[in-house]
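Down below is the structure, laid out as C-alpha cells.
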Amino acid sequence: QQDDHMSSLKTDLLKTSGTFNVLVGVTGSVAALKLPLLVSQLLELSGVDVRVVTTEHAKHFYNSAEVSVKIYSDEDEWELWKQRSDPVLHIELRRWADLLVIAPLDANSLGKIASGICDNLLTCVVRAWDTSRPLLFCPAMNTAMWLHPITAQQVSRLKEFGYVEIPCVAKKLVCGDEGKGAMAEVSTIVSLVKEYLQKPDESSLEA
Ligand SMILES: CC(C)(CO)[C@@H](O)C(=O)NCCC(=O)N/C=C\S
C-alpha cells in the first residue's frame, strides 16, 4: 500500500518534456467553488498539465469529484514520507511545477505566506518556491477583510517576493456585502497563466 503510494506519486509527478506544468493552490475562500471551472479551463491550454494543492479549509467549498486532476492535501505528505529515504511531497511539487497559481488566496493563507509560516502542504510549497518560476496569487475575501490595513501590507510583501497579484474585483459577495474582495474572473486568471506558457527553451539555457 505504501509502495503504490510511492509509485503513483512518481508517475503522477513525472515531468514530460514539452509540457508546461501548472500547479493550482486552493485555499478557504468561498471562491474555491470555482476550482473545477479553473482546472478545466487551464487544461484547455495546449501543452498544459495541471495538479492541485488544497488546504483543509478549502475542501469545504468545492466538490473534488468535479476536478479531473490529482488534488494533493496535507495527509498526502505524511502518507508518502515515513522514513528518511522517502520523497518529500512539497519538494517534489516545487520541482514539478513550472508555474504556481493560488486561486483563491484567502486572508489566512495570505497572512501565513507574508510571514513565512509553512504549516501545511501549500504553504510549504510556497516557502520552498523557486522565484525564477512564476507564482501568481488571486486574493479573495470579504470586503471588510480586504479593507483591513494589514491586507495591503501583506499583498505588497508578496509582490516584494516577486509574486504576481491577480487583483480581486468588486462584486455583490455571497454574504450579501457589496464591494471588493471577489476573486478575479476565471477567464482573467487563465489568460494571465497563458502569457507564461512560452516556457524559455531549456536547451538555450544549458551552457
Ligand atoms: C464566490 C464568488 C466567486 C461568486 O461570484 C464571489 O462572491 C467571490 O469571489 N467571493 C470571494 C470573497 C469571499 O471569500 N467572501 C467571503 C465572505 S462574503
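Each value in this text was obtained by applying a stated rule to the coordinates, not by laboratory testing. Just so it is clear, the model here is predicted, and its values are computed rather than measured. Because the Cβ atoms are built from the backbone with ideal geometry, glycine has one as well, and the counts that use them run over all protein chains shown.
Things worth noting here:
- A Cα-only calculation for segment 57-180 places Rg and Dmax at 15.8, 52 Å.
- The string of couplings for segment 116-132 from the Karplus curve (6.51, -1.76, 1.60, θ = phi - 60°) is x, 5, 9, 10, 8, 4, 5, 5, 6, 4, 5, 4, 9, 4, 7, 6, 6 Hz, one whole number per residue in order, with x for Gly and Pro.
- Three semi-axes of the equivalent ellipsoid, segment 1-138, Cα gyration tensor, whole Å, largest first: 21, 18, 16
- When each of Lys34/Lys82; Lys34/Lys112; Lys159/Lys180; Lys112/Lys159 is checked by Cα-Cα distance, pairs over 26 Å: Lys34/Lys82
- This model, with +1 at the C-beta of Lys and Arg and -1 at the C-beta of Asp and Glu, gives segment 103-171 a dipole about its Cα centre of some 60 debye.
- Point-charge dipole on Cβ atoms (K/R +1, D/E -1) for segment 146-195, about Cα centre, debye to 20: 20
- Spin-label model, Glu195 to His5: label points 7 Å out along the Cα-to-beta-carbon direction sit 4.0 nm apart.
- Counting charges near Ala107 (Lys, Arg +1; Asp, Glu -1) among other residues having Cβ under 15 Å from its Cβ returns a value of 0.
- Segment 69-84 - phi-based ³J(HN,Hα) in whole Hz, Karplus 6.51/-1.76/1.60, Gly and Pro as x: 10, 5, 10, 8, 10, 4, 5, 5, 4, 8, 5, 7, 9, 10, 8, 4
- Simple rule: put +1 on each Lys or Arg Cβ and -1 on each Asp or Glu Cβ in the chain, find the dipole, and look at Val50, Val190, Ser8; the Cα lying farthest toward the positive end is Val190.
- Judged by the gyration tensor of its Cα atoms, with axes a ≥ b ≥ c, segment 1-68 is oblate; a/c meets the 1.5 cut and b/c is at least as large as a/b.
- Charge-dipole axis of segment 68-207 as Lys and Arg at +1 and Asp and Glu at -1 on Cβ define it, positive-most pick from Cys138, Leu121, Ser85: Cys138
- Modelled spin-label separation between Trp96 and Ala65, with each label point placed 7 Å from Cα along the Cα-to-Cβ direction: 2.4 nm.
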